[in-house]
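Q: My structure is below; once you've seen it, I'll send some questions.
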Amino acid sequence: MTQQRKAVALISGGLDSLLAARVVQEQGVHVEGINFYTGFCVEGHTHAIRKKDRAKPKRNNALWVAEQLGMKLHIVDIIEEYKQVLFNPKHGYGANLNPCLDCKIFMVKKAHEWIQENGFDFIITGEVIGQRPMSQRKDTMPVIARDSGATNLLLRPLCARNLPETLPEQEGWVDREQLFDFSGRTRKPQMALAEKFGFDDYAQPAGGCCFLTDAQYSVKLADLWRARGEKSYEMDDIMLLKVGRHLRLSPDFKLIISREEGEGNFMQGYRNQYVSLKTTSHPGPMALVDGVVSEQDLQLAARVLARYSKGKTAESVEVEIRDMDANTRCLKVAPMGPLEIIPEWIL
Amino acid sequence: MSRMVVDCRRMLCPMPVIKVQNQAVKMAPGEELEAVCTDPGALNDIPAWSRINGHEVLETRTEGAEYIVVIRVGDS
């Protein structure tokens, strides 16, 4: 009896990795999924924050994919290790702060370590030549295989026939003839294959699954690094970049103003780590102060916050200032006029 | 039987899942693990993760702003 081979598939939750894993399962290989959590995954923290999103069905697509395929999924926290990928990408950033090629190399490298630790034979990804401008190109495919250390143990079932044979093909663990030769940005072959397998509820491709590909998010992250004088962040920083309106009022501090109730509730959880403000005389948002502030800065922050409250046309608005030890005091300020908000403040 | 409790408050998915996963591997089959979460997504994600990894979901409930999922660790 021949030994059943074992592969681990990088599962993002999108269609390509779903299909790649399924194609290899069809060949009798035992496949388990692995999903890496960088902290920037859109999948993660988008669920719970905004009130309007709470009504939408909540589903972690990587888990959903694993369930569809009847396979185990290992979710790996790489938040700390990922920082070095993001701070110093050898192959540079994409259009925003997305280090896609280095990210892919890093994830395949982690998967390679994982198969060695867990007695698996090879790695599967859903990559397709030409699908993505930075990381999925004909010339970058061998770079990923080489720099990750996975070399010929990395199989891309959706485009394998456009690439040199890998060990699983050479050894007959999988039949190359039953793999595919997809290329380019078209999604039609994937959609046809999904239909053949009976998948009709997969996550729609929507420009990536990472906040770092988002221009506005990247502007806020770059501002954070500039303000700190170095590339650094903690998990709370990258969570808060996703929430609220960010106004850089001075090099020393910025104000994060909630845009709706859900964000306000979420930001309440940070009141012990940041000075916070809320309007008390009129309904309005809450705000967190990120940085070091003087009394004058707090006056400015209160006036800006008042501008975003229901009291924006009132003569004065009362704003409660709460420090991290929950001591509160009240400032009475004149809300800023619409032209006083300097566009450059808004990140 | 004693029940291990993991505090996943203020974590957003998938962190509660990761915390449950990393605790479950240290536990013996049959032991119970309770996750206390504030992300409502955990009510779907932890059971989904449990189903695909061979653990039994004993209970899911909401207590005010907290979401609690109890699983029995499987033998896989």
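Q: Would you tally the residues in the range A:125-142 being more than 9 Å from A:Arg185 (Cα to Cα), in a loop (DSSP other than H, G, I, E, B) and modelled with pLDDT of 90 or more?
A: Qualifying residue count, the range A:125-142: 4.
Q: Follow-up. Since A:Asn96 meets every condition but one in (1) among the polar types (S, T, N, Q); (2) assigned to a helix (DSSP H, G or I); (3) more than 16 Å from A:Ala20 (Cα to Cα), which condition does it not meet?
A: Here A:Asn96 meets the rest and fails (2).
Q: Regarding the range A:165-177, can at least one residue be identified that is at pLDDT below 95, surrounded by fewer than 19 Cβ atoms within 10 Å (Cβ to Cβ), in the same structural domain as A:Arg22 (by TED's automatic domain parsing) and not in a strand (DSSP E or B)?
A: no
Q: Then there's this: Condition check: at pLDDT 90 or above and assigned to a loop (DSSP other than H, G, I, E, B). Does A:Asp181 satisfy that?
A: yes
Q: Here is a follow-up. Restricting attention to the range A:67-81, report how many residues are charged (D, E, K, R) and either more than 9 Å from chain B (Cβ to nearest Cβ) or under 12 Å from A:Val31 (Cα atoms) (or both).
A: The number of residues fulfilling the criteria is 3.
Q: Looking at the range A:99-149, which of the residues that are under 20 Å from A:Asp16 (Cα atoms) and of a type in the set (Gly, Ala, Ser) is surrounded by the fewest Cβ atoms within 10 Å (Cβ to Cβ)?
A: If we take residues in the range A:99-149 being under 20 Å from A:Asp16 (Cα atoms) and of a type in the set (Gly, Ala, Ser), then A:Gly130 is surrounded by the fewest Cβ atoms within 10 Å (Cβ to Cβ).
Q: Something else about it: Could you tell me how many of the residues in the range A:87-139 are more than 26 Å from A:Ala215 (Cα to Cα) and aromatic (Phe, Trp, Tyr)?
A: 3
Q: Being among the small types (Gly, Ala, Ser), surrounded by 15 or more Cβ atoms within 10 Å (Cβ to Cβ) and touching a residue at least 60 places away in the same chain (Cβ under 8 Å) is the requirement here; does A:Gly94 meet it?
A: yes
Q: Out of A:Ala306, A:Ala314, A:Ala301, A:Ala215, I need the residue that is modelled with pLDDT of 95 or more and surrounded by fewer than 16 Cβ atoms within 10 Å (Cβ to Cβ). Which one?
A: Only one candidate qualifies: A:Ala314.
Q: May I ask you to verify whether A:Lys231 is of a type in the set (D, E, K, R), closer than 30 Å to A:Gln84 by Cβ and surrounded by 17 or more Cβ atoms within 10 Å (Cβ to Cβ)?
A: The answer is no for A:Lys231.
The values are calculated or read from the model by the stated rules, or taken from the named source; none is laboratory data. Fair warning: this is a prediction, and the values are worked out from it, not measured in the lab. With ideal geometry, Cβ positions are generated from the backbone for all residues, glycine too; neighbour counts draw on all protein chains shown.
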